[in-house]
Amino acid sequence: MKIRHFMAMAAGAGALAAFVAAAPASADDGKLEELKAQGFARVAIANEPPFTAVAADGKVSGAAPDVAREVFKRLGVEDIVASISEYGAMIPGLQAGRHDVITAGLFMKPERCAAVAYSEPILCDAEAFALKQGNPLGLKSYKDVADNPDARIGAPGGGTEEKLALEAGVPRDRVIVVPDGQSGLKMLQDGRIDVYSLPVLSINDLVSKANDPSIEVVAPVEGAPVYCDGAAFKKGNEALRDAFDVELAKLKESGEFAKLIEPYGFSSAAAMSTTREKLCAAQ
């Protein structure tokens, strides 16, 4: 399953050009100057490859941090410093001032858009299931999990997958909060959960590294939407967000954006085919 097959969409070049023309040339709201003086931006990540990753030496990589690092450099902020957080704790941490921005595959939803100031779209993905080989319970959708009283699903706490499972009617006691991908895979291997849900790229990365023939992937999950994330800023820092958007638009227009994210398997055309406004309005 290649994600570009189901996310291949025409790039919105006209909309992008209009955005660049309309966007402010610069922003100096105090926060950007603060970050320049500080020399780095504090980013929240989830250590969920290929969205985000932390190497053994502490180096931060992944598609989202790579884009953020390049954009901030263009804004005069030399580097990023990352801290790992559960998805459910990211927005509270941002609001409390523990992070300057979230760059972690935090997909845009109306309720999140009301809580943070998102950039324009950066990374798009759909949902996937990791299950035991042969899919013994026949789980192809969150509704399938809800309808089977024996099915237990693992998902990141506060993440999109947890919400989709609960919205589909999976009882709370059958939605198991999992702290990270390795833990989720181990719980699946040990039989403590029957399915583990993450975005397609994250599941594929996790399963390919595990090299465990007893695990298979179902992707995309039936009935689950395609989502896009953006860099998330604290409300009140819209001028910083707008400055970020200007440089992000330049990256997209020049082709540098594609060079940053496509080696990780993401589609630049998908990110350029939609807007923050559309994603934040989606129900």
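So the values come out like this:
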quantity: Separation in nanometres of the label points that stand 7 Å from Cα toward Cβ, at A96 and A115; calculated: 1.3
quantity: Of K73/K234; K143/K259; K140/K250; K109/K143; K163/K186, pairs whose Cα-Cα distance is over 28 Å; calculated: K143/K259; K140/K250
quantity: HN-Hα J in Hz across the stretch 179-193 - Karplus 6.51, -1.76, 1.60, θ = phi - 60°, x for Gly and Pro; calculated: x, 7, x, 4, 5, x, 5, 4, 4, 5, 4, 7, x, 7, 9
quantity: Overall Cα dimensions of the stretch 127-218, principal axis frame, Å, largest first; calculated: 32, 26, 20
quantity: Fraction of antiparallel bridges per DSSP, the chain only, in percent to nearest 5; calculated: 55
quantity: Placed amide H near E127: partners under 5 Å, 5+ positions off or other chain; calculated: V200, V221
quantity: FRET E, pair A281, K73, Förster distance 30 Å, beta-carbon r, rounded to 0.05; calculated: 0.40
quantity: Shape parameters for the chain, alpha-carbon atoms, Rg then Dmax in Å; calculated: 18.6, 57
quantity: Hull-based mean projected area of the stretch 194-283, where the convex hull spans the alpha carbons, in square nanometres; calculated: 8.1
quantity: Estimated FRET transfer efficiency (N148, N211; beta-carbon r; R0 22 Å; 0.05); calculated: 0.20
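All of the numbers you see were taken from the coordinates with simple rules; none came from a lab. On a predicted model such as this, the values are computed, not experimentally measured, just so you know. All Cβ positions, even for glycine, are placed from backbone atoms using ideal geometry, and neighbour counts span all protein chains on display.
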